[in-house]
Each structure stands twice: as C-alpha cells, then as structure tokens.
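Asks: Please find one structure pasted underneath; my questions will follow.
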Amino acid sequence: MKKIIKEGITLFEAESNDKKVRDIVEALLDEIKADGDKAVRTFSEKFDKWSPEHFRLSEEQIKTIVASVPEQVKEDIKFAQAQIRNFATHQKKSMKDIEVETLPGVFLGHRNIPVDSVGCYIPGGRYPMVASAHMSVLTAKVAGVKRVIACTPPINGEIPAATVTAMYMAGADEIYLLGGVQAIAAMALGTETIEPVSMVVGPGNSYVAEAKRQLFGKVGIDLLAGPTETLVIADDTSDAEICATDLLGQAEHGPTSPAILLTNSEKLANDTLKEVERQLKTLPTADIASVSWKDYGQIIVVDTIDEMVEEADRIASEHVQVMTEDPRYFLENMTNYGALFLGKYTNVAYGDKVIGTNHTLPTKHGAKFTGGLWVGKFMKTCTFQEVRTPEASAMVGEYCSRLCAIENFWGHKEQADIRVRRYKK
C-alpha cells in the first residue's frame, strides 16, 4: 500500500508551459535560419548582453584563459577527465565490430562508425557546468569524432575560465562563447562563420531542450534533458540527515527539479521531512532548493521492498540513490532509471562531477526507453551484407522473389529474379 507523506506537482502539471516555450523557440529558430550570424548576434546581445568581435575563441585567447586558472583547479579537472576517459574507453572496447557467415556464402556484419562532427553545449548561468565539458567533448573524442565544437555562454558578461579550460583539456577543436537557443541553432544549422555539425548534445534549460527537439532530424541529438530529477530510496538502515542532504543536493539545480524520497519506513519519512526544513535554513542555495522542494518534492511510503522497486520503476527518475540494507537488489531488479548510485558511500554528486560515468541522463520518464549519454551515442552501428557465391545468391533469391510477390513489390522481385536466372545451376 502506498502512502503520500508529501505531495508535489505532477509531470502533467509541470508541462503546462511547454507550448509557450515551443512557440518562442520556433520563432528564434526561424530568424536564425533566415539571418544566420546576424540573428545569432542579435539574440546573444538580447539574452546574454554579449557581442564580441568573434564568438569563437582564438588559440591565443584560449591559452591566456587557461593560464589564468589556478593550478589546483586544472589538476582537479585533469583528475575528473581521467576518470571519465577511462570509463568511456572501457565502454568503447565493449562495442565490437562483427562479421559472421550466416548461410554458406552469405556474410553479414556491422561496424561501429563515429559520427563525423558533434556540437557540445555546456550550460552557464548561476551554475557554470564545468563537468558537462568532460561528459560531452571528452566522450565524443574517445568515440573517435573528428570535429568536436563546444559552446558555453558568458556569465554576467565574463568568460567562464574554468569551463573554457575544461573544454580545451577535453579536446574541443573549436570553442565559442555563445549560449542558449542561438548556440544550439548555430551548431545545428550552421551560419556564415560556423560550419554545421551532424549531432548536438548536452544539457540546458527548457529553451535549449526545446531547440534540440525541434532540430532533431536535421541533426542527431543525445536526448531531451529536462530539469534534474533525483529519487532517494532508503529503508530504516539509513538516516534522515543523509537522505535530506541527498535530496537537497539535487533540488538546488533549479526551481522545477523534482526530489523524491521513497521508503518503507514512515519514521524515516517524517524525520527526513523535518531534516529537510532544518537544512534549508543554512543551505547557501536554499533560495532555489526551497522552491523546488515545496513545489516538486515528494515523500512516498510503501510496505515492502518489492513495492519500492515497482514504484521506483514507475517514477523512472534520472538519478536514483539507493541506501538500503541490500542496495544491489535494486540493481538486479529495477529497469527504469537514468543512473543508479548504490549505497551510502556513493552519491549523485560523484556521478555528476568526477567518478567516471556520464551525467547527461534521461528525464521526464525518458528512462523508460533510453539510457544516458555515453560513448556509444557518438557512434553509428551500421550493417553490411556480402553474398560471395552464385549458389548462395540464387538460393536467397528464390526466397526473396516469393516474399516480394506477397507484398506486390515487382521491382524488388526482379532484383531477386535476375540473379536466380543468372546464377542458379
């Protein structure tokens, strides 16, 4: 039986503003399609108060920016990138090209081919998302993408030096100080000064996500990432302080970020509710976290572990922090999640920043049909076929001819028949 201790806004209610966002983005994209660089500059001035002579940073500018960053920051970025590169490399090794003889003389296979060019968006604003440079630029480079460009917005008219440094260290071939819809459109559509890419990736606000949605098909995308979501699953072996910390640690992302506690302990549920209120009194980002918790926070109590699994799969959260007696039970039984964080020694912030897995993950129930960004997203698994003997061609051709006739595809049928006539002995 399910009991709601604290209720939040539903996904349906949260999507009520989507049409307004769609209309705004559509108008912006139309102007950029028509006017290219001119429109990009207009919107950069309007939204970011940023209009440099060139949006692309020169090699000399990049070196100056990197030199201005403290050595400890660069060492920390280097450490994080080493972890992400290592895991992405192992993932890539798991993707094997294959070629098999499925019938005598018939060979089928596939090759994993990197996308030729990728545009990576690294958000700015209140939180300069340095880690997104590792997750996108570096992972694309591990996949073998030849041209990787990256965009990030200025912050209050200033260059985000640590973000630019992370982009450079990750291997970006071109770096642009450009944000929002105009950055996504410039990378996807191209302008007079920016060559278009084949794929656009990276998180962002609702306008960035909508721009990616509208441009999908013109370019590939990773996924449609909405506001950050977190689900904390805990039983009576956990405690309220750590549950509240892990909820608020993600609620601070934005005022519409859902944070949910799922437990089979009503005592833990009530204690966590009180602990959240206590921590909000001192949390430096309480101005945001308190809003998201008030509007989108939830606490759900169920009776059994199996009910916890069922409810967690229904929620299909982006991040799932599991602090139970047997956290690996959820690894073995859950199917809908962006990423799992198992045990009290692990937490979502590790995955967001440094541990090695990718932090660009599905939201808004997207975990029911996709995983997050990984090295495989930057690769196309393309099949090939080769019939090496006339006997095999004639044999397959006879089957193909009859199957084409069922569907009234007479041109298809003739492709098979001509080979049967020529090669059947």
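Asks: Mind listing whichever residues of the range 364-380 are open to solvent by 80 Å² or more (accessible area, probe 1.4 Å) and closer than 25 Å to S117 by Cα?
Replies: We begin by selecting, within the range 364-380, every residue open to solvent by 80 Å² or more (accessible area, probe 1.4 Å); these are 364, 368-369, 374, 380.
Correct list: W374, K380.
Asks: Return yes when Y127 is aromatic (F, W, Y), at pLDDT below 95 and closer than 22 Å to K49 by Cβ and no when it is not.
Replies: Numbers: aromatic (F, W, Y): yes; at pLDDT below 95: yes; closer than 22 Å to K49 by Cβ: yes.
Yes; evaluated as a whole, the condition is true for this residue.
Asks: Another question, if that's okay. Residues being over 43 Å from the mean Cα position of the chain (by Cα) and not acidic (D, E): count how many of those fall in the range 376-397. Write out each step before concluding.
Replies: Restricting attention to the range 376-397, the residues satisfying the condition of being over 43 Å from the mean Cα position of the chain (by Cα) are 389-395, 397.
Retained after the next criterion (residues that are not acidic (D, E)): 389-390, 392-395, 397.
So the count comes out to 7.
Asks: S292 passes all but one of (1) hydroxyl-bearing (S, T, Y); (2) farther than 18 Å from L248 by Cα; (3) buried (at least 22 other Cβ atoms within 10 Å of the Cβ); which number fails?
Replies: Just one mismatch for S292, condition (2).
Asks: Within the range 185-214, work out how many residues are touching a strand residue (DSSP E or B) at 6+ places or on another chain (Cβ under 6 Å) and of a type in the set (A, V, I, L, M, F, W, C).
Replies: Filtering the range 185-214 for residues touching a strand residue (DSSP E or B) at 6+ places or on another chain (Cβ under 6 Å) gives 187-188, 197-202, 204, 212.
Right, trim to of a type in the set (A, V, I, L, M, F, W, C) and you get 187-188, 197, 199-201.
Residues that pass the stated criteria total 6.
Asks: I've got another one for you. Report, ordered by the first and then the second residue, all pairs with beta carbons closer than 9 Å, sequence separation of six or more or different chains, a first member in the range 46-57 that is within 19 Å of E195 (Cβ to Cβ) and basic (K, R), and a second member that is open to solvent by 40 Å² or more (accessible area, probe 1.4 Å) and in a loop (DSSP other than H, G, I, E, B).
Replies: From residues that are within 19 Å of E195 (Cβ to Cβ) and basic (K, R), the pairs are R56/T193.
Asks: Evaluate the range 389-402: report whether one residue or more is of a type in the set (K, R), over 30 Å from S117 (Cα atoms) and free of Cβ contacts under 8 Å to residues at least 12 places away in the same chain. Break it down stepwise before answering.
Replies: Within the range 389-402, the first condition is being of a type in the set (K, R), and the residues that meet it are 402.
Filter again for over 30 Å from S117 (Cα atoms), leaving 402.
Still in the list and also free of Cβ contacts under 8 Å to residues at least 12 places away in the same chain: 402.
Yes, the range 389-402 has at least one match.
Asks: A follow-up question, please. Of everything in the range 312-330, what is farther than 18 Å from S238 by Cα and surrounded by fewer than 17 Cβ atoms within 10 Å (Cβ to Cβ)? Give them in sequence order.
Replies: Across the range 312-330, the qualifying residue is only R314.
Asks: So is G202 surrounded by 24 or more Cβ atoms within 10 Å (Cβ to Cβ) and touching a Cys at 6+ places or on another chain (Cβ under 7 Å) or not?
Replies: On the way: surrounded by 24 or more Cβ atoms within 10 Å (Cβ to Cβ): yes; touching a Cys at 6+ places or on another chain (Cβ under 7 Å): yes.
Taking the combined requirement at face value, the residue satisfies it.
Asks: May I pose another question? Restricting attention to the range 234-275, report how many residues are over 30 Å from P128 (Cβ atoms) and in contact with a Ser or Thr (Cβ under 6 Å, 6 or more places away or on another chain). It would help to see each step written out before you state the result.
Replies: Here is the first cut: in the range 234-275, the ones over 30 Å from P128 (Cβ atoms) are 234-240, 262-274.
In the following step, the residues that additionally are in contact with a Ser or Thr (Cβ under 6 Å, 6 or more places away or on another chain) were identified as 234-236, 240, 269.
The qualifying residues number 5.
Asks: Out of everything in the range 133-173 that is in a helix (DSSP H, G or I) and more than 20 Å from K92 (Cβ to Cβ), what residue ends up being most open to solvent (accessible area, probe 1.4 Å)?
Replies: Within the range 133-173, the match that is most open to solvent (accessible area, probe 1.4 Å) is Y168.
Asks: Take the residues of the range 269-284 that are in contact with a helix residue (DSSP H, G or I) (Cβ under 8 Å, 6 or more places away or on another chain) and open to solvent by 10 Å² or more (accessible area, probe 1.4 Å): which is nearest to M334 (Cα to Cα)?
Replies: To start, the set of residues in the range 269-284 that are in contact with a helix residue (DSSP H, G or I) (Cβ under 8 Å, 6 or more places away or on another chain) comprises 271-272, 274-276, 278-280, 283.
Within this subset, residues satisfying the condition of being open to solvent by 10 Å² or more (accessible area, probe 1.4 Å) are 271, 274-275, 278-280, 283.
Working: D271: 26, K274: 29, E275: 28, R278: 32, Q279: 30, L280: 31, L283: 32 Å.
Checking each candidate, the answer is D271.
Asks: Another question, then. State whether the residues of the range 113-128 include one that is assigned to a helix (DSSP H, G or I) and open to solvent by 20 Å² or more (accessible area, probe 1.4 Å). Let's see the steps before the verdict.
Replies: Just the residues of the range 113-128 that are assigned to a helix (DSSP H, G or I), to begin with: none.
Within the range 113-128, not a single residue is assigned to a helix (DSSP H, G or I) and open to solvent by 20 Å² or more (accessible area, probe 1.4 Å).
Asks: Please work out if T256 is of a type in the set (S, T, N, Q) and at pLDDT below 95.
Replies: Numbers: of a type in the set (S, T, N, Q): yes; at pLDDT below 95: yes.
Here the answer is yes, as T256 does meet what is asked.
Asks: Also: In the range 1-111, which helices (runs of 4 or more DSSP H) lie fully inside it and hold 2 or more residues that are open to solvent by less than 40 Å² (accessible area, probe 1.4 Å)? Working first, answer last.
Replies: Numbers: elements: 11-14, 18-35, 37-48, 59-68, 71-93.
Filter on the range 1-111 gives 18-35, 37-48, 59-68, 71-93.
Asks: Six or more apart or on different chains, Cβ atoms under 7 Å: show the pairs whose first residue is in the range 206-227 and of a type in the set (D, E) and whose second is part of a helix (DSSP H, G or I).
Replies: Final answer for the pair search is E210/V21; E210/R22; E210/V25; D222/K377.
The values are calculated or read from the model by the stated rules, or taken from the named source; none is laboratory data. Model, not experiment: these values are computed from the prediction. Glycine also receives a Cβ, built like all others from the backbone with ideal geometry; neighbour counts cover every protein chain displayed. What goes into the accessible areas is simple: the full protein's heavy atoms, side chains included, and nothing from ligands, DNA or RNA. Shrake-Rupley method; radii C 1.70, N 1.55, O 1.52, S 1.80 Å.
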